[in-house]
1. Looking for something of a type in the set (Phe, Trp, Tyr), surrounded by fewer than 19 Cβ atoms within 10 Å (Cβ to Cβ) and farther than 21 Å from Pro15 by Cβ - is there at least one such residue anywhere in the stretch 27-48?
2. If you go through the stretch 77-96 one residue at a time, how many are under 17 Å from the mean Cα position of the chain (by Cα) and more than 19 Å from Val53 (Cα to Cα)?
3. Going by the structure shown, is Ser210 of a type in the set (S, T, N, Q) and modelled with pLDDT under 95?
4. For Pro171, which of the numbered conditions (1) over 17 Å from the mean Cα position of the chain (by Cα); (2) open to solvent by 30 Å² or more (accessible area, probe 1.4 Å) fails to hold?
5. Give me the pairs: first residue in the stretch 67-86 and open to solvent by 60 Å² or more (accessible area, probe 1.4 Å), second residue part of a helix (DSSP H, G or I), beta-carbon distance under 7 Å, and six or more apart or on different chains, which are they?
6. So Gly60 fits all but one of (1) crowded, with 16+ Cβ neighbours inside 10 Å; (2) free of Cβ contacts under 8 Å to residues at least 24 places away in the same chain; what number is the exception?
7. Quick test for you: out of Thr151, Thr115, Thr140, pick the one residue that is in contact (Cβ under 8 Å) with a residue 12 or more places away in the chain, of a type outside the set (Asp, Glu), more than 19 Å from Gly14 (Cβ to Cβ) and not in a helix (DSSP H, G or I).
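The values are calculated or read from the model by the stated rules, or taken from the named source; none is laboratory data. Because the structure is a prediction, the values reported are computed rather than measured. Counting neighbours? That spans all protein chains shown, and the Cβs are built from the backbone with ideal geometry, glycine included. These area figures cover heavy atoms from the full protein model, side chains too; ligands, DNA and RNA do not enter into them. Shrake-Rupley method; radii C 1.70, N 1.55, O 1.52, S 1.80 Å.
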Amino acid sequence: MDDVATRIEHTVLGPTTTPGDVQAVLDTAIETGMRACVPPYCVSMAAEYAPGVELTTVVGFPHGQHTTANKADEATALAEEGADELDVVANLGLLRAGEDESFRRDLAEVVAATTRPVKVIVEAPLLDEDEKHRAARLATEADAAYLKTATGFADGGATVADVELLSTYLPVKAAGGIDSWEQATAMFEAGAERIGASSGDAILEEYRRSKA
């Protein structure tokens, strides 16, 4: 299996995403060996449609301001429906208010609700330097498996500087605005273990052409 393919999560997350859109992403993942990141409502279908594809879905998406209990219940249910990994959105309102223990506990309860690896989306484009460090430290203390740069819906996306910072705490999934192999390479070189991208197929094709 192509190592680069297994480090890309081909993503389809948006307000108008249809089951057909998800199946198209899964077809590409089956063909190429990429992972897939799909909306929560399609997890059960996706697990049945593409049992060989490593599935990620999102929790508390896109703002992270669901109640802790709701996010924990969502994580448990989605794992049972077939998600292999969960990307939970951190509650930046708690972080911005200086309620660090509540921020940590919110994440810790989601992590504790499932045996699946949990990535914490810190939405780095919205944070200042101190907030990025605090978010990363608190997610680490909550036993998160990964940090993820962004949802892709806030202004700005993944940056080399943010990946470098976050990777000093935990493995990083770089996501948000990555649509070329050149950009993906920069993220990998900065320390990203994974890439999340809606154009994962194009990125992988560019990579394979570069090696041909």
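1. Checked the stretch 27-48: no residue is of a type in the set (Phe, Trp, Tyr), surrounded by fewer than 19 Cβ atoms within 10 Å (Cβ to Cβ) and farther than 21 Å from Pro15 by Cβ.
2. 5
3. yes
4. So the condition that Pro171 fails would be (1).
5. Glu81/Val43; Glu81/Ser44; Glu81/Ala47
6. Here Gly60 meets the rest and fails (2).
7. Thr115
Yes or no, residue by residue, for (1) at pLDDT 95 or above; (2) open to solvent by 20 Å² or more (accessible area, probe 1.4 Å); (3) over 16 Å from Asp87 (Cβ atoms):
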site	(1), (2), (3)
Ala145	yes, yes, no
Val160	yes, yes, yes
Glu189	yes, yes, yes
Ala192	yes, no, no
Ser198	yes, yes, no
